[in-house]
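Have a look at the structure below, then the notes.
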Amino acid sequence: MNRGLILKFENLVQLRGACRQLRTLSYRKVYRAQWKPVQSSAHPVWSVLPYPQFWQKDALIRVALSQRRHLATKEETKKKKKKILLTKGEVEIRQKMTVEELARAMGKDIDHIYEALLYTDIDLDSLEPDSILYEDHIKLIVKKSGMKYKSEKLKEEKERENTDAVKRPPADPAVLTPRPPVVTILGHVDHGKTTLLDSLRKTQVASMEAGGITQHIGAFLVHLPSGEKITFLDTPGHAAFSAMRARGTHVTDIVILVVAAEDGVMQQTIESIQHAKNAGVPLILAINKCDKPEADPERVKKELLAHDVVCEEFGGDVQAVNISALKGENLMVLAEAIVALAEVLELKADSTGLVEGTVIESRKDKGKGPVTTAIIQRGTLRKGCVLVAGKTWAKVRFMFDENGKAVDAASPGIPVEIMGWKEVPSAGDEILEVESEQRAHEVVAWRTYVEQQERMKRDVEVIEAKQKEHRMEYEKKQQKLAHLTWRQRKAVLYKANKHLVFSKPKERTEMDKNVLSVIVKGDVDGSVEAILNILDSYDADEECKLEIIHYGMGDISETDISLAEAFNGVVFGFSVKANESIKQLAAKKGIKIKLHTIIYKLIEDLKDELNSRLPPSVVENTIGEASVLNIFSVTIGKNKIPVAGCRIQKGLLDKKMRFKLIRNGDVIWKGSLSSLKHHKDDVQVIKMGMDCGLSLDKYIEFNIGDEIICYEEKEVQQTTSWDPGF
């Protein structure tokens with residue numbers, strides 16, 4: 001064979017091998033070390049010359065080998081610095097990871113990631129160690145490496161610095177000064193609590209209350225003739241407000257237990273005793289209505305023995321005073337008993353430093369804005385003080401006493417009405433003074449954050465409680481389809497939803513009127529699972545059916561919008577985004593996208609969507625009632641028409657409204673009137689007490705004693721009965 005051809009063939013083989021090595025090295029940019037082929041202007045390295053020279057071949061090989069040695073040296077240096085631990089089993093992945101993060105999670109070097117991405121749609125030339133890989137490619141790399149993957153759990157948020165306001169340490173006994181006692185009046189409803197307060201402070205609170213029963217907590221300062229001051233709290237007597245009553249006892253020094261002499265111990269009397277015991281507050285027994293003939297104070301004292309309330313005459317420590325709040329009898333004796341007990345308790349407080357107190361009552365006044373009634377427990381409150389209570393704050397603008405008179409300062413034990421709150425705080429909230437408005441903002445922000453964390457913690461508890469049940473049900477559904485191939489499963493799902501997909505838009509809208517189809521997208525698998533577990537507690541299918549047609553991780557996509565359009569659904573996203581093009585597409589197709597970052601807000605939004613799908617309920621509002629006193633018939637043409645002679649018992653009859661005929665408690669007809677007459681004149685309305693004759697739009701014979709009801713139908717929007725536990 002010609003020696004020239006042999007040499008040419010050897011050169012081509014060596015050149016081909018060198019080029020393959022160089023091409024592989026160019027793809028593998030290990031730690032940013034990218035090698036680019038060196039070429040001269042005259043002789044590119046990949047050019048095949050018709051008569052290659054040996055010096056060219058040797059130079060080409062030297063370049064390739066030197067570059068390879070250079071890369072190997074860098075790799076060896078990195079490996080010496082940091083040993084990479086190989087991980088077997090599952091790899092925790094996120095929705096987005098950099099090349100370097102994925103290599104570290106898998107226990108591989110970055111070179112391994114590049115090799116796994118060969119022959120994929122990723123441009124390796126533009127890939128760097130800090131380039132971001134998305135979920136699909138991350139899963140592909142892990143699978144190619146012979147490993148399994150699982151979604152990484154949400155990392156706990158870095159602990160926030162506690163910026164809450166707290167009470168001051170106990171004051172030095174040397175700076176304490178006497179203060180008025182704070183007294184709560186407790187007892188059963190209508191036993192005379194408000195009347196007792198009226199007699200003490202000479203005002204008519206009871207006459208202003210609905211039904212004479214106190215509707216909210218009030219605080220009042222009473223000046224006794226002896227010069228002593230007593231602060232009274234008037235708590236509700238209704239059992240429904242027992243929680244507010246319990247709050248009231250926590251700020252009081254003495255409890256007056258009011259018991260009616262003729263009624264004795266009642267259910268709310270027992271509750272009041274228990275509240276006082278739980279708060280560790282001493283009792284004074286006020287036996288009211290002793291002026292009535294049936295009054296029996298001794299029976300009341302004996303009944304209270306069963307509840308560990310032992311009066312002084314029975315060897316106990318509870319003072320008992322027989323009074324008549326209505327007539328003002330023995331009220332000074334009761335006041336002296338309070339003052340005597342207060343002296344024994346040695347009630348004192350620190351009137352210096354930052355203010356501490358408790359909200360007794362809060363409301364929103366049209367002219368004043370948010371207003372609170374508070375008891376000052378420490379410090380002296382003045383205009384300009386910055387206060388925090390619950391999740392709101394105030395800069396005190398005005399203060400008023402119980403008579404509406406403006407005051408400049410309020411010392412411990414004094415009730416005061418405060419103006420200047422940003423929002424209305426809750427009754428029972430602790431009031432603390434802070435140094436500045438900026439500090440108040442910090443406190444409110446911290447408390448809001450803590451409340452959100454606690455609520456999210458409760459969400460997790462609900463999720464964990466249902467997680468086992470949810471998984472079992474899911475596994476059962478999967479087992480039913482386990483014997484089928486993926487094609488068969490697809491066919492089963494297709495058949496189940498075919499009637500929805502191929503129905504006309506109008507038909508589908510009518511069909512889905514009582515169905516809410518939702519698509520749930522979350523940032524990570526844990527978020528999606530949390531939402532699905534909450535939705536799993538939905539138990540109101542008879543009202544509105546809730547269907548989850550798709551769920552997954554990642555931002556809102558066009559596929560989600562298409563699915564929502566097909567099923568007339570709503571897309572809910574948790575900690576994900578929808579770009580402008582997706583939002584425009586959704587708006588064009590009339591699809592709602594609801595994005596949230598807090599789970600309970602997402603669930604509340606979903607409940608609102610459920611409510612909007614519920615059909616309105618029809619409520620009958622009775623306008624008038626009439627009784628049939630006589631029956632007769634009239635002939636019109638060849639037809640006899642029954643006519644009822646009626647008298648209006650309640651309201652009125654309006655011919656334009658709907659009517660129903662009731663016989664022996666059963667409704668035997670519903671419709672409208674064909675005629676309504678009064679003294680042979682056609683009328684539209686008949687009022688109460690008047691007589692009339694009427695006939696129905698249908699042939700029905702009347703009986704004496706039948707009832708004619710006139711009513712109107714109103715539609716009322718329903719709300720779902722589903723309670724997710726928030």
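The values are calculated or read from the model by the stated rules, or taken from the named source; none is laboratory data. On a predicted model such as this, the values are computed, not experimentally measured, just so you know. Every residue, glycine among them, receives a Cβ derived from its backbone with ideal geometry; neighbour counts consider all protein chains shown. Side chains are part of the model used for accessible areas, which takes the heavy atoms of the whole protein and leaves out ligands, DNA and RNA. Shrake-Rupley method; radii C 1.70, N 1.55, O 1.52, S 1.80 Å.
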Check your understanding: At what distance in angstrom do the alpha carbon centres of segment 278-302 and segment 323-367 lie from each other?
Key -> 20 Å
Point to revise | Size of charge dipole - segment 90-151 - debye, nearest 20, with Cβ of Lys, Arg +1 and Asp, Glu -1, no other charges | key: 460 debye
Study note, to complete from the structure: Given pairs 289/405; 144/480; 480/592; 656/680 and cut-off 22 Å on Cα-Cα distance, the over-length ones are 289/405; 144/480; 480/592
Point to revise | Nearby aspartates and glutamates by direct alpha-carbon distance to residue 148 (threshold 17 angstrom, same-chain neighbours under 8 apart not counted) | key: 90, 92, 101, 135, 136, 525
Check your understanding: Once the convex hull of the C-alpha atoms of segment 586-659 is built, how many Å³ does it hold per residue, rounded to a whole number?
Key -> 204 Å³
Review point. Short version: ³J(HN,Hα) in whole Hz for each residue of segment 560-572, in order, from phi by Karplus 6.51 cos²θ - 1.76 cosθ + 1.60 (θ = phi - 60°), x for Gly and Pro, what are they?
Key: 4, 5, 5, 4, 4, 5, 5, 10, 6, x, 10, 9, 10
**Study point:** Cross-link reach list, aspartates and glutamates versus residue 594, counting only Cα pairs under 13 Å and skipping chain neighbours closer than eight places
**Key:** 555, 560, 604, 605, 608, 609
Point to revise | Size of charge dipole - segment 351-483 - debye, nearest 20, with Cβ of Lys, Arg +1 and Asp, Glu -1, no other charges | key: 540 debye
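Of 457/607; 96/607; 391/601; 655/698, which pairs sit farther than 23 Å apart, going by alpha carbon to alpha carbon?
96/607
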Review point. Which of the aspartates and glutamates could a cross-linker bridge to residue 714, judged by Cα under 12 Å and excluding same-chain residues fewer than eight apart?
Key: 620
Exercise for review: Could you tell me the accessible area of residue 539 in Å² (1.4 Å probe, neighbours in place), rounded to the nearest ten?
Suggested key: 100 Å²
Check your understanding: Ordered by residue, what ³J(HN,Hα) values in Hz, to whole numbers, does segment 681-698 give under the Karplus form 6.51 cos²θ - 1.76 cosθ + 1.60, where θ = phi - 60° and Gly and Pro are x?
Key -> 9, 5, 10, 9, 9, 10, 9, 4, x, 8, 9, 7, x, 9, 10, 9, 7, 9
**Study point:** Amide hydrogen neighbours beyond the local backbone of residue 631, cut-off 5 Å, H modeled
**Key:** 645
